[in-house]
1. For the stretch 192-215, indicate whether the set of residues that are on the phi > 0 side of the Ramachandran plot and in contact (Cβ under 8 Å) with a residue 24 or more places away in the chain is non-empty.
2. Test each condition in (1) over 28 Å from the mean Cα position of the chain (by Cα); (2) within 28 Å of Lys29 (Cα to Cα) for Gln179 and report the one that comes out false.
3. Does Val232 satisfy being surrounded by fewer than 12 Cβ atoms within 10 Å (Cβ to Cβ) and either touching a strand residue (DSSP E or B) at 6+ places or on another chain (Cβ under 8 Å) or modelled with pLDDT of 90 or more (or both)?
4. Given the condition closer than 30 Å to Asp78 by Cα, acidic (Asp, Glu) and in a helix (DSSP H, G or I), answer yes or no: does some residue in the stretch 185-208 qualify?
5. Report whether or not Ala139 is crowded, with 16+ Cβ neighbours inside 10 Å and touching a Cys at 6+ places or on another chain (Cβ under 9 Å).
Amino acid sequence: MVGALIYAPWFIWAWSYYGSPIPNTILAKSGSHTIVKRPWEAVRYPFDLIFRFTANHEVFLPPYYYFGGWPKFLQTVDKLVTIIAVIPMFWPRCHRFARVASIAFLLGGVYLELTTRAPWYYPAWAVLGHIAIGGLSAAVWERLKSSFGQRLLSASVSLLPIDPAIMFICVGRQLQEQQRIIEWGLRAQIGRDLKVMSESPQDTVFLEPLGYIGYFSELSMRDTPGLSSPEVIALRQDGIFAMPDIVHHLKPD
């Protein structure tokens, strides 16, 4: 009820201003697969979690790990961490908060498996996973009889942050190069070139993704899947999904 009261002003205003309380980014992605269309993947998920590779295993990996260039052992280590984060939901001796975090972590993995995999979805689930692992470690520590075992566990848990800390430094360097080579070197320059080539600010440009190109061109974007383009969403609702077909119907400048 408190959440509804806090959210109500935005809900009402958005509905009156935009004509719908549903964000355009949600409407644009409404054509994605859902659990209704792919129920078998949800049923098979527990098996895949242990014996195969799922989206949840990517939660603790560097962004865009699948492009390559990272050590192979990271995938094995982070798969083990993922499985450990699921254990608290099955162990009643763990703190309730840790068990709830573990359940949410597992259910979130199902969602991640059924939607488009992208690293910006993962941080929230990574936090849940760390909470679950912390609760599991506390439960094990309380039940260890020897002080040596407690010290060993404490030392092991203390080492856990080293892996993400090193990855944080490496990923920071990776994104620095991405910004220099791709964002400033390519996308921003493409936007500036389009601005020079355009005949008027009303010229339309079809592209994916939005961002630097749209900003620096100062032109009207027609993007796929339609994050800023109701025209594209309308075409997709009519069953037109392929980029060449969308371009053919939009006829962008």
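1. Checking the stretch 192-215: at least one residue is on the phi > 0 side of the Ramachandran plot and in contact (Cβ under 8 Å) with a residue 24 or more places away in the chain.
2. (1)
3. Here the answer is no, as Val232 does not meet what is asked.
4. Just the residues of the stretch 185-208 that are closer than 30 Å to Asp78 by Cα, to begin with: none.
No; the residues of the stretch 185-208 include none that is closer than 30 Å to Asp78 by Cα, acidic (Asp, Glu) and in a helix (DSSP H, G or I).
5. Numbers: crowded, with 16+ Cβ neighbours inside 10 Å: yes; touching a Cys at 6+ places or on another chain (Cβ under 9 Å): yes.
When the stated conditions are applied, Ala139 passes them.
The values are calculated or read from the model by the stated rules, or taken from the named source; none is laboratory data. Given the structure is predicted, the values throughout are model-derived calculations rather than measurements. Using ideal geometry, Cβ is built from the backbone for each residue, glycine included, and neighbour counts are taken over all protein chains shown.
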